[in-house]
1. So between B:Ala688 and B:Leu648, what do we pick up on full extension, going 0.36 nm a residue minus the alpha carbon distance?
2. Once the Cα gyration tensor of chain B is found, what semi-axes does its equivalent ellipsoid get, as square roots of 5 times the eigenvalues, in whole Å, sorted largest first?
3. Exposure proxy check: B:Cys278, B:Cys360, B:Cys172 ranked by fewest other beta carbons within 10 Å?
4. Say R0 is 30 Å: what FRET efficiency, to the nearest 0.05, do B:Lys561 and B:Glu601 get from their beta-carbon distance?
5. Take B:Tyr275, A:Tyr83 and order them by how many other Cβ atoms sit within 10 Å, fewest up front.
6. Evaluate peptide B:177-187: per residue, the Cβ atoms of other protein chains within 10 Å of its Cβ; return the mean as an integer.
7. Determine the gain in length on full extension of the stretch B:Arg626-B:Thr99; use 0.36 nm per residue of separation and subtract their C-alpha separation, reporting nm with one decimal.
8. Along the charge dipole of the protein assembly as shown, which of B:Cys172, B:His482, B:Leu548 sits closest to the positive end, that is, farthest toward it, with unit charges on the beta carbon of Lys, Arg, Asp and Glu (+1, +1, -1, -1)?
Amino acid sequence: MEAVNIQFAPETGTEEEWNEAYARLADYFRSYQLHNRIRRTQLILETLRRAAAAHKTDTKKTPTAHSIEQARFMLKEWLGAIYSDMNLNESQLEAGGRLGFHLSGGPARWPNFFLDKENLPQDMIEAMRSAVRASGPGMQVSKMTPRDIDLGRVSEVAEDTFDTLGRHPILRYSILIGIVGAVLTYLYLLFR
Amino acid sequence: MSTPAAPAVTSPISTGMPPQRIARMRRATFFSFVGLGTIVGTWLMYVYLSERGMRWSEWGLLAVFTPLYYQLNVGFWTALFGLWLMNRPGHDALDLWRTLKPEDHQEAITASTAIIMPVFNEDVTRVFEGLRSIYLSLEQTGHSKNFDFFILSDSNQTSQWIEEEAAWLELCRQLNAFGRIFYRKRRKPINRKSGNVSDFCRRWGKRYRYMLVLDADSLMSGGLITSMTRIMEKNTGIGILQTFPKQIGAETLLGRVMQFAQALYGPPFMAGLDYWQCGEANFWGHNAIIRLEPFIKFCALPALPGKEPFGGHILSHDFVEAALMRKAGWAVRLLPTNRGSYEEGPPTLVDMLKRDRRWCQGNMQHFWLVFAKGWHPMSRVNFIHGILSYASSLLWFFFLLFTTFLAATPVPQLDPQAMQAQQILLGLTATLIFLPKTATLLDEVFTGRLFKPLKMRLLTFMSSMADTVVFTLMAPVLMIFHSQFVVYTVLGKGVRWVTQRRKAEGVDWAEVFFTFWVVCLIGIVWAILGWFVSHAFLLWISPILIALFLAIPMAIVVSGKRSGHCFGFFLTTEETEPPSVLATMNDNLAEIKGRIHLPPELEKHHGLMQVCLDPYVNGLHVSLLRRRKSIDVSRSYLNEIAQRMIQLGPQSLNAQEIKAMIHDTETVTDLHYRLWSARDHELAPFWATAIRQYNLAASSPFTHTLAQRDLL
């Protein structure tokens, strides 16, 4: 990445808006676990510079939105260079690429080369490419088909009864009330 | 995985299947004692009741008494046979441990084994730290090469799901176990846990010879796992080998009492069960190893006729799978183990009842299967015992009702023979209840199986006295609830599949009050009734009524964390000398517990927050999602709910909406950038806080639920 010009004077947008964009970018790059502050600052300023240029042509979008959009473009370009021949679609490139950087220990090992598509260390490329993981071993599909269990005559009768009772809740509760009523009547007759 | 599919086994081989001669002899002996005890008890009851002829209510009493007495006898003789086996000088002819010679333990294990852990909205930290400990323990054996681990998730809470993915990745990274530990999430959790396992079998079953099933709270030592695999290799006629999972990790009084009781009384019961179950033991759903080929071929579960709760999908699948395995000709064996196989129990009484509600329905469903054709007779016995374990509560309740009724309509002047029968029956019943416990306790005091120091043995003795009080107070309350569960099941009231709470989070007084006030009321009403019926009867039934009356304070006390630990009560060997697999897990859990947490709102939606904000977690989730050509919902709908989530926060969306969004790769990627692109005032307060605090709290996004350990 070329030396970053420290001077930053956007032609559009307010100071407050650009400050907010700066703070957001700072948080965003920190979420990549880049603990090198100098590198983070470099990235922020580079992204803001790109965002300022983009904002000049489209002022409807906020500087914050432009900044994150530019960060995304930079990421795509960088990952595109690393995974150029792996035939990944856009979504796979972004998701798998980010994950690859984490799994290869990129934030700690190569923080200075993050988003720097001009300087790609070979060991970083190899580590990131080999870090594409699968969530399971190759499937070997088996058939697991339930076999019918012959439940026998008793179960058939019980099934019919439960089926009938299940379809007629009034009948079910009537039987229950009938039993309770009969017990109570019996008790009454005994104690009267 | 180096070893390919299991060799073709089309017919069972007898190694591991106990010889019929021994099995028959053992069962004949055992059930003769049980039968004799039941007949004697029933006859004594009949003599007592029939003094002046049998009334309807007396026949009713006898009818409910007989199965209750049978069950009591089964427990009694199982424990006694177990104690005899534990103390006899000679070896058990069927002891599976003896099939392994000392040199076998040094041989390489060539069989491929999948260790699977089905999870459903479980505590992510506990699941993955448990898995880490098992993995490390297995590595220490030096024979872990052919073991793979699978976390089979059916979690339907988004945050939980994301946290599982992140924990999986970090665990693999820390253990250098990519390609050894796999994570699979089902989009639709069809047929619950058994469906989850079946799905694994269909996808990967052919790659493995054995499958070791764990529960989310299971813990097993590497030594035991390798021994189990070796036993399966040596005994090719065994289809399922079940261990005895001991309870660990309890913090509440209830949990520690259950844990202690299981440690003390469990081994004789297990030895006794092994004695008479022989090759027709039960599968308890976890901490067991299964021969995959016959399991896939013969143990797929059909739906039961009719609708839930009696029909439909089989809830308690394990008993049925064991019966199907046995029906296909493979043995189902119990491996009595003292160390190496662990699980956790429910922390509070309410949690225990919630679990029992599910188990009750599952066991009652087996009613259909009792009469099905083709089962081994012992499988039918296992089903009946399962049903009885809950139905007996209703029978006991009826027994007490009949007794109350008989006390209210007394027969004048008992003749001496009836009085004598009553006294013998009382003595016999007390013996059946207390002798196994007393004998086990004496066995411990004399042999020191649990603890060698005399002081510890005396503490065990005192703890045993104390647990009698707890169980005496709990039993009538459980009777009322289990009876209610049985009646609800019969009336067609099903249960929801909910996650079991496994750790104590304090006593919820309101929940306890609203759960148990009816039980208290039953106790009071019954006592008033008893007062009018007869003072002598009231005195006789008072232990039960006092327990019912005290249900609320009892539930609060047993669910609390004062369990006499500091005085040395209810200690188990796992507490005093934790095995390395447990110690590793406890250390890691303690490290995580000591961390500073995010604000509660952010903790609640932590997984969702991570997948939206963190570039790596977002990348991981999108990478793991299966790409679909078409989506179930329209793109504009997904955009609309994503916008709502950005502006109003996750609480503005229901679970279905969040799920729809998080299942779509494009939306998840897009959401990440939209959130970071929005200005502060365009964001819901939740997101504004999350963006500010996320980087401060998370040094590494993947270790939020996992201990930070050096890479292997």
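1. Additional length available on full extension: 13.3 nm.
2. Each semi-axis is √(5λ); the values are 47, 32, 25 Å.
3. Listing B:Cys278, B:Cys360, B:Cys172 from fewest to most nearby Cβ atoms yields B:Cys172, B:Cys278, B:Cys360.
4. It comes to 0.65.
5. Numbers: B:Tyr275 22, A:Tyr83 19.
Fewest-to-most ranking of B:Tyr275, A:Tyr83: A:Tyr83, B:Tyr275.
6. Average neighbour count from other chains, rounded to a whole number: 2.
7. Working: separation 527, 0.36 × 527 = 189.72 nm, distance 4.57 nm.
Answer, rounded to one decimal: 185.2 nm.
8. B:His482
Laboratory data are not the source of any read-out in this text; all were calculated from the coordinates shown. This one's a predicted model, so the numbers in the text were calculated from it and none came from an experiment. Quick reminder, even Gly has a Cβ in these numbers, built from the backbone with ideal geometry, and neighbours come from all protein chains shown.
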